[in-house]
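Any read-out appearing in this document is the output of simple, stated calculations on the displayed coordinates, not a laboratory observation. All values reported here derive from a predicted model rather than from experimental measurement. Note that each Cβ is placed from the backbone with ideal geometry, even for glycine, and that neighbours are counted across all protein chains shown.
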Amino acid sequence: MAAATNGAGKSMWQACLASAYRTALATTIVGCVTLFGPPAVKNLIERPAFSYVTVVIIIINDATLGDSFRGMWYVLCGIIQSIGPAIISLWIIGPSRFTTETIALAVALAAFVVALPGEITHLMAKRLALGQIVLVYVTAYINGAHTQPLMHPLGVAASTALGGVACIPALLLPCPRLASREVKKNFKLLTQNTIKRVKLLTKAICEEDKASVFTSISQAKSLSATRTKLLHLITHYQNGMRWERPQIKNFRSNCLFAVEKLKEVDTTLRGMEMALMSINSFPIRMINEEIKHGLNSLTQQVILTIKETKHNLHGASLTVPELTEKNITNFLHSLQTIPTTLQDLPFYFYLFCTKLLYMKSLAEPSTPSNNSIQHKPTQKDGNPNPNSNSPEGSSNKENWAHFLVTTLSSPKLIASFKCSLSLGLSVYLGLLYSKNDGYWAGLPVAITFSPCREDTFRVTNLKAQGAVLGSVYGVLISFVFRRFLVLRFLSLLPWFVFTSFLQKSQMYGSAGGTSAIIGAILILGRENFGPPKEFAITRIVETFIGLFCSIFVDILFRPKRASTCAKVELSNTFATLNESIGSLSMLHDSSKTKLEQNQRKLKGHVNKLRKFVAEAEAEPNFWFLPFHGACYNKLLGSLSRLDDVLQLGGQALKFLQQEVQRCEACWKVHVSLIEGDIGHLKELICNSMKSFEEISKLKSLGFLEKELEKKNNNITNITSDIEMGKSTPKSTICMVSGLGDDDIEKTLGSYLQHSRNAVDHLYDDDDDVEDEQELKSQVGLSLSALGFCLSAIMKETMEIEEAFKELVQWENPSCEVNLYEISCKLHSLHK
């Protein structure tokens, strides 16, 4: 463990020093050109400060050579978007006619046009274009009649281009930092990580005591956290690969294939972890030498297959023994019966996952089919409602009204308008504070523009702190080396190293680290900008003006707090989970496609919920009720585990559905009984999820009481009706926790008994004994795995109910929360 920690620390030092070196080299190139270059070049570079800003925007976050080429392309796109229209505007209107109001309006209109195209232009190109718009228009207003309508915008464009060009040699020297090399390196680490997890989880099942099992599981979970970071790095570097050389296309497709393959393997490994955590006692009595040997052989074959994927990615080949699935999984043929107790289900589920792990390591990664993407029907020309008898004029008015409402509520339009308003307002207030430095209020807004939702207050706070840190450092160094320009410039190198660590820290992150770099480099990388103290104070004030405008506009157009969005998304997740569990069926083949669709929806909702929870935890409470992050994280953990369980249970159902269709006569008697048990469990769980969904939509319990009073219902009578069982049948409104462990064990015991009868009487007429054993083994393993999944879903539903009750109690501290009673009241209100 100590060696791993030392290795991680050494790796971080190397990464930070390399990043600092690349940044220093790029800024040195800009500094040499703008400080010591020929007068003609220095006069052309009108805004050297923005050259430094461009370098930071492109080269930040461990950029590669491909990222620098891509950044140069975005520089050209930004110049085309901003400089061309600016030249025309200045030529027609004339810089001498601008006022504070008209220049703010011009910046706002130009920003709206740049931000509107949405995904057509990249975010980096938008930020560079917005920054150039601020510099061109505000500087033209400051200089007035002395502004040249053609050369002034070209000077700003040259400043931007210099920053982009400087990034290319910085990532070439002394050796190119290739994105493909970084992807190969991280994929190798990801492969080693996966192999270690496979070995640990195989070792854990054969341990003699539970303490050793927990040690292996904890090590595997630690590797799982590292795996998430590696996947993030691979995804990050893949964006720069296609900019490096044309022949990289095949490598990129192979890389995507390999990464998707390991992602599917990872879900199976999490299932194995879940099974191990559910086993009560070790050593496991059903494990014998044959099973141990079979598990080790299967593990070795999986490891060889994963290594083969890695070697294929690197252009090499690895000889893997050609063994059939029967030879690898032959040790499972002895398991032809369903376990008699629930305590044995985790072991069978573990074996099911190991077999699935072997199959997933060989199979191609699954991708959503095009047929699954359903397009909404559109109606062209004419009345959208064919049954409407309204006149044609009225229909056209309705169409126009619908078009306007849809357009005005478009997220792209709202994001563009927010950008336009915040940029125009910041420029206006910045010019009111200081005419000569007014653009410093608009630049922070421009270069940090984001159309997506983010934790505004936290990010803004980090930007402000970073700007102050960088400015203070710049002022101090300017005071110490005020007579030595070269030493002032060289003092940026230790600052780059320090800020590289800041960017990787949780305290400041990328936003704070970037602001700290810009804050220092604008003071130490230029000359003839006035006294450093005055410049630093003015820039800090202007920066705060811009950040304030950004927050103000964001609050104005985004009244929903992250905590509110998290609550809404939790309700949507419950609804999708209800649909996913309702799709579990052995009888209908169409349920397989429906289950896969619901699983993808569920994963999307869980990811959205995780994002909103993280934002809400970083959001200040102000006068609102504090966000209960611990409770939401409990819910997220259970929902994530349910997502994995449903995916693995879907694999078991997939095989069982094929068997039911292949041999309907064998299953005719048994499948209806098994389906009845599954349906009973589904009904219990879905009723709970439906209740959670409805309760999560409530504003508060006090609001529910008021609505009941409006309906002229007596609360006392309702409560007595509930106690007497007159409200609604318990089968309609039910909580899983109300059943108790004995009821759950009885229900699942019935499922196991019917499954056991099915396996015992299957394929009696099959002449091939070996095939009969294999089929019985596969069916028994799949039914046992499905039984474990149903048991896990029940347990996680109870965990969700407990955490959800705690959340409702937190939001309603003055009330005593009873989820069943609340569900009954809601049903009484809506019936």
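Miscellaneous remarks
- Cut-off 20 Å (backbone N to label point 7 Å along Cα→Cβ of F552), residues of the stretch 456-473: 456-465
- Additional length obtainable on full extension of the chain from H830 to N633, 0.36 nm per residue less Cα span: 67.8 nm
- In summary, the lysines within cross-link reach of K706, defined as a Cα separation below 20 angstrom excluding same-chain residues under 8 places away, comprise K697, K825, K831.
- Placing R0 at 56 angstrom, the Cβ-Cβ distance between T235 and H761 gives a FRET efficiency of 0.65 after rounding to 0.05.
- Sequence ranges 493-503, 788-798, 437-447, ranked by mean other-Cβ count within 10 angstrom, highest first: 437-447, 788-798, 493-503
- Shown here for the stretch 600-701: GluC sites (Glu not before Pro) in loop regions (DSSP other than H, G, I, E, B) with at most 10 other Cβ atoms within 10 Å, of which there are none.
- Distance (nanometres) between label positions extended 7 Å along Cα→Cβ at I93 and R181: 4.8 nm
- Subtracting the Cα-Cα distance of E683 and V541 from their residue separation scaled by 0.36 nm leaves 45.0 nm.
- Neighbour-limited loop hits for trypsin sites (Lys or Arg not before Pro), the stretch 559-644 (at most 15 other Cβ within 10 Å; DSSP other than H, G, I, E, B): K560
- Label point distance in nm, K608-R453, each placed 7 Å from Cα along Cα→Cβ: 0.8 nm
- Entries of K199/K682; K611/K795; K601/K710; K611/K690; K263/K699 with Cα pairs more than 29 Å apart: K199/K682; K601/K710; K263/K699
- Here T340 and E802 are evaluated by their C-beta separation; at R0 = 22 Å the FRET efficiency comes out at 0.15.
- Here the gap between S218 and K412, fully extended at 0.36 nm per residue and compared with their Cα-Cα distance, gives a gain of 65.4 nm.
- W73 paired with K10, simple spin-label distance in nm, labels 7 Å along Cα-to-beta-carbon: 3.8 nm
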